[in-house]
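As structure tokens, the structure follows; a few thoughts come after it.
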Amino acid sequence: MDIAVLIKQVPDTDEVKMDPEKGTMVRDGVGSIINPLDLNALQEALKLKKETDGTVTVVSMGPPQAEEALREGIALGADRAVLVTDRLFAGADTWATARVLAATLEKTGPFDLFLAGEKATDGETGQVGPEVAVMMKVPFSTYVSEVGLEGSRLKVRRTVEEGIHVQSLPTPCLLTVLHDLNEPGMPTLAGKMKARRSKVEKLTLADL
């Protein structure tokens with residue numbers, strides 16, 4: 001199973017400031033990390049990779065410095081990293097971001113499964129994952145707290161307000177996951193060395 005994981009580099013602080021004129025986040029002088037829920041998505045991808053003898057590709061849209069997050073993804077066990085970056089993407093809303101990511105996944109695939117965190121800590125909309133799925137015309141599930149293989153399908157448990165919702169989805173499909181899904185791992189020394197050596201593929205708007 002070839003899996004793509006959408007990851008986002010977010011500010012490592014709760015004291016986020018906004019530019020009142022542009023309406024965008026001020027990131028200067030603020031440390032960055034991988035969005036925490038995206039780490040749960042990556043951990044699940046690594047588990048499924050072992051179970052299916054597959055591959056894991058981490059994909060991110062962001063400024064050039066987002067390459068650091070992708071290299072961390074490789075250090076954690078991903079096989080491949082793709083960064084789509086362009087000044088023309090600055091200030092993109094969730095719809096524009098989803099269009100770019102969907103086009104990137106279609107160009108760099110095919111993939112059997114797409115995973116992402118339920119939401120990002122800097123926006124908390126939870127919109128990008130489902131929007132990407134709709135644009136790619138693949139089924140999707142949100143609030144996923146458990147994933148299992150069921151032949152050629154995936155059986156997922158969703159934790160929702162009413163309780164637990166169980167779904168069976170064909171592949172390819174997209175899942176956005178909750179923190180309860182698993183416990184993210186730590187990078188190994190070998191992983192860190194691989195991350196330094198690995199090439200991060202870079203795409204621009206013109207490439208898409």
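The values are calculated or read from the model by the stated rules, or taken from the named source; none is laboratory data. From a predicted model like this one, the values you see are computed outputs, not experimental measurements. Glycine gets a Cβ as well: all are built from the backbone with ideal geometry, and neighbour counts include every protein chain shown. Keep in mind that these areas ignore ligands, DNA and RNA; they rest on the heavy atoms of the full protein, side chains included. Shrake-Rupley method; radii C 1.70, N 1.55, O 1.52, S 1.80 Å.
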* Structure fact -> The one condition Leu149 fails out of (1) of a type outside the set (Phe, Trp, Tyr); (2) in contact with a strand residue (DSSP E or B) (Cβ under 7 Å, 6 or more places away or on another chain); (3) part of a strand (DSSP E or B); (4) surrounded by fewer than 23 Cβ atoms within 10 Å (Cβ to Cβ) is (2)
* Structure fact -> Those residues of the stretch 148-201 which are in contact with a Leu (Cβ under 8 Å, 6 or more places away or on another chain), more than 18 Å from Ala69 (Cβ to Cβ) and among the charged types (D, E, K, R) amount to Arg153, Lys155
* Structure fact -> Per the filter on the stretch 166-181, residues surrounded by 15 or more Cβ atoms within 10 Å (Cβ to Cβ) and without any contact (Cβ under 8 Å) to a residue 60 or more places away in the chain are Gln167, Leu169
* What's the number of the condition Pro11 fails, among (1) within 16 Å of Ala120 (Cβ to Cβ); (2) at pLDDT below 85; (3) open to solvent by 20 Å² or more (accessible area, probe 1.4 Å)? -> (3)
* Structure fact -> If we keep only residues of the stretch 35-56 that are in contact with a Ser or Thr (Cβ under 7 Å, 6 or more places away or on another chain) and buried (at least 17 other Cβ atoms within 10 Å of the Cβ), then the residue modelled with the lowest pLDDT is Asn35
* How many residues are open to solvent by 20 Å² or more (accessible area, probe 1.4 Å) and modelled with pLDDT of 90 or more when one looks only at the stretch 72-93? -> 10
* Only one of Ala96, Ala69, Ala103 is at pLDDT below 95 and farther than 21 Å from Leu178 by Cβ; which? -> Ala96
* Name the pairs whose Cβ atoms lie under 7 Å apart, with the first residue in the stretch 149-162 and touching a residue at least 60 places away in the same chain (Cβ under 8 Å), the second open to solvent by 90 Å² or more (accessible area, probe 1.4 Å), and 6 or more positions between them or separate chains? -> Leu149/Glu51
